[in-house]
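The values are calculated or read from the model by the stated rules, or taken from the named source; none is laboratory data. As the structure is a computational prediction, the values presented were derived from the model and not from experiment. So basically every Cβ, Gly included, is an ideal-geometry build from the backbone, and we count neighbours across all protein chains shown. What goes into the accessible areas is simple: the full protein's heavy atoms, side chains included, and nothing from ligands, DNA or RNA. Shrake-Rupley method; radii C 1.70, N 1.55, O 1.52, S 1.80 Å.
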Amino acid sequence: MGCGHVGLVVAACLANLGNKVTVIDIDEEKVKELNKKACPVYEEGLAEILKSVDIEATSDYQRLVDSDIIYICVGTPSKKEDGSISLEYILGAAKQIASVLKQKKGYCIIAMKSTVVPGTTEEVVIPILASSGKGVGHDFGVCMTPEFLREGKGIHDFMNPARVVIGEYDKRAGDVLCELYQSINAPMLRVNLKTAEMIKYASNAFLTTKVSFINEIGNICKQLGIDTYEVARGMGFDQRIGHQFLNAGIGFAGPCLSKDLKALIARAKQIGYEPRLLEEVLSLNQRQALKMIELLGKYIPLMDGSIGLLGLAYKPMTDDVKDSLAVEIADALLREGAKLKAYDPQAMANFEKLFPQIEYVSPEEVLKCDAILILTEWEEFEDLDYRGKMVIDGRGISKAREARIYEGVCW
Ligand SMILES: NC(=O)c1ccc[n+]([C@@H]2O[C@H](COP(=O)([O-])OP(=O)(O)OC[C@H]3O[C@@H](n4cnc5c(N)ncnc54)[C@H](O)[C@@H]3O)[C@@H](O)[C@H]2O)c1
(Lines give C-alpha, C1' and ligand atoms only; values in the text may rest on other atoms or scores of the structure.)
Protein backbone atom coordinates (compact mmCIF):
# COMPACT_ATOMS: atom_id res chain seq x y z
CA MET A 1 0.00 0.00 0.00
CA GLY A 2 1.51 3.32 -1.12
CA CYS A 3 3.33 3.88 -4.40
CA GLY A 4 5.94 6.48 -3.40
CA HIS A 5 9.71 5.96 -3.49
CA VAL A 6 9.52 3.31 -0.78
CA GLY A 7 6.44 1.38 -1.90
CA LEU A 8 7.52 1.18 -5.53
CA VAL A 9 11.09 0.16 -4.69
CA VAL A 10 9.86 -2.57 -2.32
CA ALA A 11 7.30 -3.75 -4.90
CA ALA A 12 9.78 -3.79 -7.78
CA CYS A 13 12.50 -5.58 -5.79
CA LEU A 14 10.15 -8.21 -4.35
CA ALA A 15 8.65 -8.83 -7.79
CA ASN A 16 12.15 -9.10 -9.25
CA LEU A 17 12.90 -11.78 -6.62
CA GLY A 18 10.02 -13.83 -8.04
CA ASN A 19 7.07 -12.82 -5.83
CA LYS A 20 3.63 -11.91 -7.14
CA VAL A 21 3.09 -8.26 -6.22
CA THR A 22 0.08 -5.93 -6.44
CA VAL A 23 0.48 -2.23 -5.60
CA ILE A 24 -2.36 -0.16 -4.18
CA ASP A 25 -2.56 3.61 -4.08
CA ILE A 26 -5.39 6.05 -3.38
CA ASP A 27 -3.93 8.32 -6.10
CA GLU A 28 -5.74 7.12 -9.21
CA GLU A 29 -3.48 9.07 -11.58
CA LYS A 30 -0.46 7.20 -10.22
CA VAL A 31 -2.29 3.89 -10.62
CA LYS A 32 -3.11 4.70 -14.25
CA GLU A 33 0.50 5.65 -14.97
CA LEU A 34 1.78 2.45 -13.37
CA ASN A 35 -0.59 0.29 -15.37
CA LYS A 36 0.73 1.97 -18.51
CA LYS A 37 4.21 0.88 -17.32
CA ALA A 38 5.25 4.49 -16.66
CA CYS A 39 7.24 5.21 -13.50
CA PRO A 40 5.84 8.09 -11.40
CA VAL A 41 9.03 8.71 -9.32
CA TYR A 42 12.71 8.89 -10.26
CA GLU A 43 14.74 6.01 -8.80
CA GLU A 44 17.79 4.68 -10.62
CA GLY A 45 16.83 1.38 -12.34
CA LEU A 46 13.21 1.41 -11.15
CA ALA A 47 11.58 2.19 -14.51
CA GLU A 48 13.48 -0.70 -16.12
CA ILE A 49 12.39 -3.21 -13.45
CA LEU A 50 8.77 -2.04 -13.60
CA LYS A 51 8.80 -2.67 -17.35
CA SER A 52 10.26 -6.15 -16.95
CA VAL A 53 8.07 -7.53 -14.12
CA ASP A 54 4.37 -8.12 -13.90
CA ILE A 55 2.99 -5.81 -11.19
CA GLU A 56 -0.66 -4.85 -11.17
CA ALA A 57 -1.60 -1.41 -9.79
CA THR A 58 -5.04 -0.69 -8.36
CA SER A 59 -6.98 1.68 -6.10
CA ASP A 60 -9.28 -1.09 -4.97
CA TYR A 61 -8.11 -2.11 -1.50
CA GLN A 62 -10.48 -5.09 -1.56
CA ARG A 63 -7.68 -6.70 -3.58
CA LEU A 64 -5.80 -7.07 -0.26
CA VAL A 65 -7.99 -10.11 0.36
CA ASP A 66 -5.66 -12.18 -1.81
CA SER A 67 -2.40 -11.08 -0.13
CA ASP A 68 -0.25 -13.17 2.21
CA ILE A 69 1.85 -10.13 3.18
CA ILE A 70 0.59 -6.54 3.15
CA TYR A 71 3.26 -3.83 3.29
CA ILE A 72 2.20 -0.41 4.57
CA CYS A 73 4.38 2.13 2.70
CA VAL A 74 2.23 5.26 2.99
CA GLY A 75 3.66 8.68 3.87
CA THR A 76 4.14 9.98 7.43
CA PRO A 77 4.60 13.74 6.94
CA SER A 78 5.57 16.23 9.66
CA LYS A 79 2.89 18.25 11.39
CA LYS A 80 3.69 21.99 11.12
CA GLU A 81 2.72 22.73 14.76
CA ASP A 82 5.20 20.53 16.62
CA GLY A 83 7.10 18.38 14.08
CA SER A 84 5.37 15.19 15.23
CA ILE A 85 4.33 12.80 12.45
CA SER A 86 0.86 12.91 11.01
CA LEU A 87 -0.70 9.44 11.18
CA GLU A 88 -3.49 10.38 8.77
CA TYR A 89 -2.35 7.98 6.02
CA ILE A 90 -1.36 5.21 8.41
CA LEU A 91 -4.82 5.31 10.02
CA GLY A 92 -6.46 5.25 6.58
CA ALA A 93 -4.41 2.24 5.48
CA ALA A 94 -4.90 0.35 8.78
CA LYS A 95 -8.69 0.85 8.60
CA GLN A 96 -8.80 -0.39 5.01
CA ILE A 97 -6.80 -3.48 5.99
CA ALA A 98 -9.05 -4.10 9.01
CA SER A 99 -12.15 -4.03 6.81
CA VAL A 100 -10.58 -6.64 4.53
CA LEU A 101 -9.17 -8.80 7.35
CA LYS A 102 -12.73 -9.75 8.31
CA GLN A 103 -13.15 -11.53 4.98
CA LYS A 104 -9.73 -13.18 4.93
CA LYS A 105 -9.52 -16.92 5.42
CA GLY A 106 -5.95 -17.91 6.31
CA TYR A 107 -3.10 -16.28 8.27
CA CYS A 108 -1.59 -13.14 6.72
CA ILE A 109 1.08 -10.63 7.72
CA ILE A 110 0.89 -6.86 7.96
CA ALA A 111 4.38 -5.39 7.59
CA MET A 112 4.92 -1.74 8.45
CA LYS A 113 7.52 -0.06 6.20
CA SER A 114 6.51 3.56 6.81
CA THR A 115 8.69 5.39 9.32
CA VAL A 116 6.68 5.70 12.54
CA VAL A 117 7.74 6.76 16.05
CA PRO A 118 8.35 4.04 18.65
CA GLY A 119 5.09 2.62 19.93
CA THR A 120 2.96 3.43 16.86
CA THR A 121 2.62 -0.09 15.43
CA GLU A 122 1.72 -1.56 18.82
CA GLU A 123 -0.42 1.26 20.23
CA VAL A 124 -2.13 2.58 17.09
CA VAL A 125 -1.97 0.11 14.19
CA ILE A 126 -2.58 -3.22 15.97
CA PRO A 127 -5.73 -2.04 17.82
CA ILE A 128 -7.24 -0.90 14.50
CA LEU A 129 -6.36 -4.23 12.85
CA ALA A 130 -7.76 -6.13 15.85
CA SER A 131 -11.04 -4.19 15.56
CA SER A 132 -11.70 -6.55 12.62
CA GLY A 133 -12.45 -9.25 15.18
CA LYS A 134 -9.39 -11.26 14.05
CA GLY A 135 -6.68 -12.12 16.57
CA VAL A 136 -3.18 -10.67 16.36
CA GLY A 137 -0.50 -13.35 16.50
CA HIS A 138 -2.75 -16.16 15.27
CA ASP A 139 -5.18 -14.90 12.55
CA PHE A 140 -2.71 -12.28 11.41
CA GLY A 141 0.91 -11.48 12.21
CA VAL A 142 2.53 -8.04 12.47
CA CYS A 143 6.07 -6.90 11.63
CA MET A 144 7.77 -3.50 11.49
CA THR A 145 10.63 -3.53 9.03
CA PRO A 146 12.03 -0.01 8.63
CA GLU A 147 13.47 1.16 5.32
CA PHE A 148 16.91 2.80 5.17
CA LEU A 149 17.13 3.45 1.42
CA ARG A 150 18.57 6.69 0.05
CA GLU A 151 16.20 8.40 -2.38
CA GLY A 152 17.48 7.93 -5.93
CA LYS A 153 19.52 4.85 -4.90
CA GLY A 154 16.52 2.92 -3.58
CA ILE A 155 16.86 -0.21 -5.73
CA HIS A 156 20.55 -0.58 -4.95
CA ASP A 157 20.01 0.06 -1.25
CA PHE A 158 17.05 -2.33 -0.91
CA MET A 159 19.01 -5.15 -2.56
CA ASN A 160 22.31 -4.33 -0.78
CA PRO A 161 21.35 -3.00 2.64
CA ALA A 162 23.82 -2.51 5.50
CA ARG A 163 21.34 -4.51 7.60
CA VAL A 164 17.79 -5.79 7.52
CA VAL A 165 15.78 -5.02 10.64
CA ILE A 166 12.72 -7.13 11.37
CA GLY A 167 10.61 -6.05 14.30
CA GLU A 168 8.08 -8.76 15.05
CA TYR A 169 4.96 -9.14 17.13
CA ASP A 170 4.89 -12.89 16.56
CA LYS A 171 7.73 -15.23 15.62
CA ARG A 172 5.75 -16.76 12.76
CA ALA A 173 5.52 -13.38 11.00
CA GLY A 174 9.26 -12.74 11.54
CA ASP A 175 10.12 -16.19 10.13
CA VAL A 176 8.15 -15.47 6.93
CA LEU A 177 9.89 -12.12 6.36
CA CYS A 178 13.30 -13.72 6.97
CA GLU A 179 12.47 -16.27 4.30
CA LEU A 180 11.29 -13.54 1.93
CA TYR A 181 14.61 -11.69 2.33
CA GLN A 182 16.81 -14.81 2.27
CA SER A 183 18.56 -13.89 -0.98
CA ILE A 184 19.56 -10.48 0.41
CA ASN A 185 23.07 -10.70 1.74
CA ALA A 186 23.10 -8.58 4.92
CA PRO A 187 23.07 -9.01 8.70
CA MET A 188 19.50 -9.61 9.82
CA LEU A 189 18.32 -8.31 13.19
CA ARG A 190 15.15 -9.65 14.78
CA VAL A 191 13.81 -7.39 17.50
CA ASN A 192 10.48 -6.26 18.90
CA LEU A 193 8.26 -3.72 17.10
CA LYS A 194 9.27 -0.67 19.19
CA THR A 195 12.97 -1.41 18.86
CA ALA A 196 12.69 -1.66 15.07
CA GLU A 197 10.90 1.70 14.98
CA MET A 198 13.60 3.25 17.18
CA ILE A 199 16.52 1.83 15.13
CA LYS A 200 15.27 3.87 12.15
CA TYR A 201 14.97 7.12 14.13
CA ALA A 202 18.22 6.63 16.04
CA SER A 203 20.07 5.98 12.75
CA ASN A 204 18.77 9.16 11.10
CA ALA A 205 19.29 11.20 14.28
CA PHE A 206 22.91 10.02 14.39
CA LEU A 207 23.49 11.03 10.75
CA THR A 208 22.04 14.49 11.32
CA THR A 209 24.15 14.85 14.47
CA LYS A 210 27.26 14.02 12.45
CA VAL A 211 26.37 16.73 9.90
CA SER A 212 25.64 19.40 12.49
CA PHE A 213 28.77 18.37 14.40
CA ILE A 214 31.07 18.92 11.43
CA ASN A 215 29.29 22.18 10.60
CA GLU A 216 29.91 23.38 14.16
CA ILE A 217 33.59 22.42 13.83
CA GLY A 218 33.54 24.18 10.44
CA ASN A 219 32.15 27.40 11.90
CA ILE A 220 34.99 27.42 14.44
CA CYS A 221 37.58 26.50 11.76
CA LYS A 222 36.45 29.34 9.50
CA GLN A 223 37.08 31.93 12.20
CA LEU A 224 40.49 30.41 12.89
CA GLY A 225 41.43 30.29 9.18
CA ILE A 226 41.53 26.47 9.08
CA ASP A 227 40.22 24.40 6.15
CA THR A 228 37.41 22.24 7.61
CA TYR A 229 37.63 19.77 4.71
CA GLU A 230 41.23 18.95 5.61
CA VAL A 231 40.21 18.56 9.25
CA ALA A 232 37.31 16.23 8.33
CA ARG A 233 39.61 14.18 6.11
CA GLY A 234 42.06 13.81 8.94
CA MET A 235 39.28 12.72 11.30
CA GLY A 236 37.62 10.29 8.91
CA PHE A 237 40.60 7.91 8.70
CA ASP A 238 39.84 6.96 12.30
CA GLN A 239 37.56 3.96 11.82
CA ARG A 240 35.55 4.91 14.89
CA ILE A 241 34.64 8.15 13.05
CA GLY A 242 34.61 7.30 9.30
CA HIS A 243 34.58 9.67 6.32
CA GLN A 244 30.86 9.62 5.50
CA PHE A 245 28.55 12.43 6.53
CA LEU A 246 31.53 14.65 7.41
CA ASN A 247 31.10 17.07 4.49
CA ALA A 248 30.72 20.47 6.09
CA GLY A 249 28.29 22.79 4.35
CA ILE A 250 24.86 24.36 4.57
CA GLY A 251 23.39 21.34 6.35
CA PHE A 252 21.19 18.29 5.94
CA ALA A 253 18.01 18.52 3.89
CA GLY A 254 15.41 16.49 2.07
CA PRO A 255 12.17 14.75 2.87
CA CYS A 256 13.44 12.37 5.58
CA LEU A 257 16.28 13.62 7.79
CA SER A 258 14.67 16.79 9.21
CA LYS A 259 11.24 15.15 9.37
CA ASP A 260 12.53 12.16 11.31
CA LEU A 261 14.63 14.29 13.66
CA LYS A 262 11.65 16.54 14.42
CA ALA A 263 9.41 13.52 14.99
CA LEU A 264 11.87 11.95 17.46
CA ILE A 265 12.17 15.26 19.34
CA ALA A 266 8.37 15.54 19.50
CA ARG A 267 8.03 11.92 20.70
CA ALA A 268 10.67 12.46 23.42
CA LYS A 269 8.88 15.59 24.65
CA GLN A 270 5.57 13.75 24.63
CA ILE A 271 6.99 11.31 27.19
CA GLY A 272 8.46 14.16 29.28
CA TYR A 273 12.10 14.02 28.11
CA GLU A 274 13.90 17.16 26.89
CA PRO A 275 16.19 15.97 24.03
CA ARG A 276 18.65 18.91 24.20
CA LEU A 277 21.32 17.43 21.93
CA LEU A 278 18.78 16.64 19.18
CA GLU A 279 17.17 20.06 19.47
CA GLU A 280 20.53 21.76 19.02
CA VAL A 281 21.34 19.55 16.00
CA LEU A 282 18.14 20.82 14.38
CA SER A 283 18.57 24.44 15.40
CA LEU A 284 22.20 24.57 14.18
CA ASN A 285 21.03 23.18 10.85
CA GLN A 286 18.38 25.88 10.54
CA ARG A 287 20.99 28.63 11.22
CA GLN A 288 23.65 27.13 8.94
CA ALA A 289 21.87 27.62 5.58
CA LEU A 290 21.26 31.30 6.27
CA LYS A 291 25.01 31.85 6.76
CA MET A 292 25.23 31.92 2.95
CA ILE A 293 23.19 35.11 2.96
CA GLU A 294 25.29 36.70 5.73
CA LEU A 295 28.45 35.98 3.72
CA LEU A 296 26.93 37.34 0.53
CA GLY A 297 25.89 40.52 2.33
CA LYS A 298 29.58 41.17 3.12
CA TYR A 299 30.29 41.60 -0.60
CA ILE A 300 27.16 42.98 -2.23
CA PRO A 301 24.06 44.56 -0.77
CA LEU A 302 21.36 42.03 -1.68
CA MET A 303 19.18 44.50 -3.60
CA ASP A 304 21.99 45.33 -6.03
CA GLY A 305 23.44 43.10 -8.67
CA SER A 306 22.31 39.69 -9.82
CA ILE A 307 22.75 36.55 -7.76
CA GLY A 308 23.13 33.13 -9.37
CA LEU A 309 22.12 29.86 -7.69
CA LEU A 310 23.92 26.67 -8.73
CA GLY A 311 21.95 23.67 -7.49
CA LEU A 312 18.32 23.56 -6.35
CA ALA A 313 17.68 19.87 -5.57
CA TYR A 314 18.12 18.84 -1.93
CA LYS A 315 20.96 16.54 -3.03
CA PRO A 316 22.58 15.46 -6.32
CA MET A 317 20.96 12.80 -8.53
CA THR A 318 17.40 13.82 -7.76
CA ASP A 319 14.86 16.34 -9.02
CA ASP A 320 13.33 16.56 -5.54
CA VAL A 321 13.22 20.06 -4.03
CA LYS A 322 11.04 19.15 -1.04
CA ASP A 323 12.81 20.49 2.07
CA SER A 324 15.77 21.56 -0.07
CA LEU A 325 17.88 24.24 1.61
CA ALA A 326 17.83 26.10 -1.73
CA VAL A 327 14.13 26.80 -1.07
CA GLU A 328 14.91 28.52 2.22
CA ILE A 329 17.82 30.48 0.74
CA ALA A 330 15.94 31.59 -2.41
CA ASP A 331 12.97 32.61 -0.29
CA ALA A 332 15.13 34.73 2.04
CA LEU A 333 16.95 36.37 -0.90
CA LEU A 334 13.73 37.18 -2.77
CA ARG A 335 12.27 38.74 0.38
CA GLU A 336 15.32 41.06 0.42
CA GLY A 337 14.50 42.04 -3.17
CA ALA A 338 17.36 40.14 -4.84
CA LYS A 339 17.34 39.36 -8.59
CA LEU A 340 17.94 35.61 -8.99
CA LYS A 341 19.05 33.36 -11.82
CA ALA A 342 19.27 29.62 -11.22
CA TYR A 343 20.47 26.36 -12.73
CA ASP A 344 20.05 22.72 -11.69
CA PRO A 345 20.54 19.70 -13.97
CA GLN A 346 17.27 18.03 -12.83
CA ALA A 347 15.26 20.18 -10.46
CA MET A 348 14.51 23.44 -12.35
CA ALA A 349 10.95 22.42 -13.32
CA ASN A 350 10.05 21.55 -9.73
CA PHE A 351 11.70 24.70 -8.35
CA GLU A 352 9.88 26.86 -10.90
CA LYS A 353 6.55 25.66 -9.51
CA LEU A 354 7.57 27.23 -6.17
CA PHE A 355 9.44 30.26 -7.51
CA PRO A 356 8.18 31.33 -10.97
CA GLN A 357 9.83 34.77 -10.49
CA ILE A 358 13.37 33.29 -10.74
CA GLU A 359 15.03 33.19 -14.17
CA TYR A 360 16.06 29.59 -15.01
CA VAL A 361 19.12 29.56 -17.23
CA SER A 362 22.23 27.58 -18.27
CA PRO A 363 25.15 27.19 -15.82
CA GLU A 364 27.17 29.56 -18.04
CA GLU A 365 24.48 32.23 -17.63
CA VAL A 366 24.50 31.73 -13.84
CA LEU A 367 28.27 32.26 -13.88
CA LYS A 368 27.71 35.73 -15.42
CA CYS A 369 25.92 36.89 -12.24
CA ASP A 370 27.66 39.28 -9.84
CA ALA A 371 27.75 36.61 -7.16
CA ILE A 372 27.20 32.85 -7.31
CA LEU A 373 25.92 30.61 -4.52
CA ILE A 374 26.60 26.84 -4.78
CA LEU A 375 23.79 24.97 -3.02
CA THR A 376 23.94 21.33 -4.26
CA GLU A 377 27.07 19.22 -4.84
CA TRP A 378 26.32 18.10 -8.43
CA GLU A 379 29.45 16.53 -9.92
CA GLU A 380 29.14 18.67 -13.06
CA PHE A 381 29.79 21.81 -10.98
CA GLU A 382 33.42 20.61 -10.78
CA ASP A 383 33.69 21.20 -14.56
CA LEU A 384 32.66 24.88 -14.61
CA ASP A 385 35.11 27.75 -15.05
CA TYR A 386 34.89 29.93 -11.95
CA ARG A 387 37.95 32.10 -12.71
CA GLY A 388 37.23 35.80 -12.24
CA LYS A 389 33.94 35.10 -10.42
CA MET A 390 32.68 35.68 -6.91
CA VAL A 391 31.54 32.43 -5.31
CA ILE A 392 30.02 31.56 -1.94
CA ASP A 393 30.21 27.78 -1.72
CA GLY A 394 27.80 25.85 0.47
CA ARG A 395 28.88 22.38 -0.66
CA GLY A 396 32.66 22.15 -1.02
CA ILE A 397 33.16 22.22 -4.83
CA SER A 398 36.98 22.15 -5.18
CA LYS A 399 37.08 23.79 -8.61
CA ALA A 400 35.21 26.82 -7.28
CA ARG A 401 38.27 27.67 -5.18
CA GLU A 402 39.76 29.14 -8.39
CA ALA A 403 37.23 31.98 -8.21
CA ARG A 404 38.48 35.58 -7.82
CA ILE A 405 36.63 35.83 -4.51
CA TYR A 406 35.85 32.48 -2.86
CA GLU A 407 34.31 31.75 0.51
CA GLY A 408 33.13 28.43 1.84
CA VAL A 409 30.20 28.59 4.24
CA CYS A 410 32.34 27.15 7.04
CA TRP A 411 35.78 26.76 5.54
N1 LIG B 1 11.55 8.58 0.51
C2 LIG B 1 12.56 8.05 1.17
O3 LIG B 1 13.73 8.21 0.80
C4 LIG B 1 12.30 7.21 2.42
C5 LIG B 1 13.34 6.42 2.96
C6 LIG B 1 13.09 5.65 4.07
C7 LIG B 1 11.83 5.67 4.67
N8 LIG B 1 10.85 6.47 4.17
C9 LIG B 1 9.52 6.46 4.81
O10 LIG B 1 8.65 5.62 4.05
C11 LIG B 1 7.32 6.14 4.05
C12 LIG B 1 6.86 6.39 2.61
O13 LIG B 1 7.74 7.32 2.02
P14 LIG B 1 7.60 7.76 0.48
O15 LIG B 1 8.68 8.74 0.24
O16 LIG B 1 7.49 6.55 -0.36
O17 LIG B 1 6.15 8.51 0.56
P18 LIG B 1 5.30 9.23 -0.57
O19 LIG B 1 4.49 10.27 0.13
O20 LIG B 1 6.13 9.56 -1.75
O21 LIG B 1 4.29 8.06 -1.06
C22 LIG B 1 3.27 7.55 -0.26
C23 LIG B 1 2.13 7.06 -1.16
O24 LIG B 1 1.13 6.46 -0.32
C25 LIG B 1 -0.13 6.72 -0.92
N26 LIG B 1 -1.19 6.46 0.07
C27 LIG B 1 -1.62 7.22 1.10
N28 LIG B 1 -2.60 6.60 1.77
C29 LIG B 1 -2.83 5.40 1.15
C30 LIG B 1 -3.71 4.31 1.37
N31 LIG B 1 -4.58 4.29 2.37
N32 LIG B 1 -3.63 3.25 0.54
C33 LIG B 1 -2.76 3.23 -0.49
N34 LIG B 1 -1.89 4.25 -0.75
C35 LIG B 1 -1.93 5.32 0.06
C36 LIG B 1 -0.01 8.15 -1.41
O37 LIG B 1 -0.97 8.46 -2.40
C38 LIG B 1 1.44 8.15 -1.97
O39 LIG B 1 1.46 7.79 -3.34
C40 LIG B 1 7.37 7.39 4.92
O41 LIG B 1 7.03 7.03 6.23
C42 LIG B 1 8.83 7.80 4.86
O43 LIG B 1 9.24 8.54 6.00
C44 LIG B 1 11.05 7.23 3.04
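I'm trying to understand the selection: among the residues of region 167-184, which are more than 16 Å from ALA15 (Cβ to Cβ), part of a helix (DSSP H, G or I) and open to solvent by 10 Å² or more (accessible area, probe 1.4 Å)?
Those that are more than 16 Å from ALA15 (Cβ to Cβ), part of a helix (DSSP H, G or I) and open to solvent by 10 Å² or more (accessible area, probe 1.4 Å): LYS171, ARG172, ASP175, VAL176, CYS178, GLU179.
Go through region 330-370 and count every residue that is part of a strand (DSSP E or B) and either touching a Ser or Thr at 6+ places or on another chain (Cβ under 8 Å) or open to solvent by 10 Å² or more (accessible area, probe 1.4 Å) (or both).
Of the residues in region 330-370, 6 are part of a strand (DSSP E or B) and either touching a Ser or Thr at 6+ places or on another chain (Cβ under 8 Å) or open to solvent by 10 Å² or more (accessible area, probe 1.4 Å) (or both).
If only one of GLY242, GLY272, GLY249 is in a loop (DSSP other than H, G, I, E, B), away from the ligand (no atom under 16 Å from the Cβ) and touching a Lys or Arg at 6+ places or on another chain (Cβ under 6 Å), which one is it?
Only one candidate qualifies: GLY249.
Considering every residue within region 86-93, establish whether at least one is near the ligand (Cβ under 10 Å from one of its atoms), acidic (Asp, Glu) and open to solvent by less than 50 Å² (accessible area, probe 1.4 Å).
No, there is no match, as no residue in region 86-93 is near the ligand (Cβ under 10 Å from one of its atoms), acidic (Asp, Glu) and open to solvent by less than 50 Å² (accessible area, probe 1.4 Å).
Go through region 274-293 and report how many residues are open to solvent by 10 Å² or more (accessible area, probe 1.4 Å) and free of Cβ contacts under 8 Å to residues at least 40 places away in the same chain.
6
Can you tell me which residue within region 207-234, out of those that are assigned to a helix (DSSP H, G or I) and β-branched (Val, Ile, Thr), is farthest from LEU246 (Cα to Cα)?
Per the stated criteria, the residue is ILE220.
Out of the residues in region 57-79 that are away from the ligand (no atom under 14 Å from the Cβ) and farther than 29 Å from VAL117 by Cβ, state the one that is least open to solvent (accessible area, probe 1.4 Å).
Out of the qualifying residues, it is VAL65.
I'm trying to understand the selection: among the residues of region 30-43, which are in contact with a His (Cβ under 7 Å, 6 or more places away or on another chain) and either more than 11 Å from the ligand (Cβ to nearest atom) or not charged (D, E, K, R) (or both)?
Result: VAL41, single match.
What's the number of the condition GLY141 fails, among (1) among the small types (Gly, Ala, Ser); (2) touching a helix residue (DSSP H, G or I) at 6+ places or on another chain (Cβ under 9 Å); (3) surrounded by 16 or more Cβ atoms within 10 Å (Cβ to Cβ); (4) in contact (Cβ under 8 Å) with a residue 40 or more places away in the chain?
Evaluating GLY141 over (1) among the small types (Gly, Ala, Ser); (2) touching a helix residue (DSSP H, G or I) at 6+ places or on another chain (Cβ under 9 Å); (3) surrounded by 16 or more Cβ atoms within 10 Å (Cβ to Cβ); (4) in contact (Cβ under 8 Å) with a residue 40 or more places away in the chain leaves (4) as the failure.
Please verify whether region 122-134 includes one or more residues that are within 16 Å of the ligand (Cβ to nearest atom) and touching a residue at least 40 places away in the same chain (Cβ under 8 Å).
Yes, some residue in region 122-134 is within 16 Å of the ligand (Cβ to nearest atom) and touching a residue at least 40 places away in the same chain (Cβ under 8 Å).
Could you check how many residues of region 394-411 are surrounded by 21 or more Cβ atoms within 10 Å (Cβ to Cβ) and of a type in the set (Lys, Arg)?
Here the count works out to 1.
Suppose we filter region 190-235 for residues that are within 25 Å of the chain's Cα centre (by Cα) and either under 25 Å from TYR406 (Cα atoms) or open to solvent by 70 Å² or more (accessible area, probe 1.4 Å) (or both); how many remain?
15
Just to verify a result, which residue in region 1-24, among those that are open to solvent by 20 Å² or more (accessible area, probe 1.4 Å) and within 13 Å of the ligand (Cβ to nearest atom), is nearest to PHE148 (Cα to Cα)?
Among those residues, the one meeting the criterion is VAL6.
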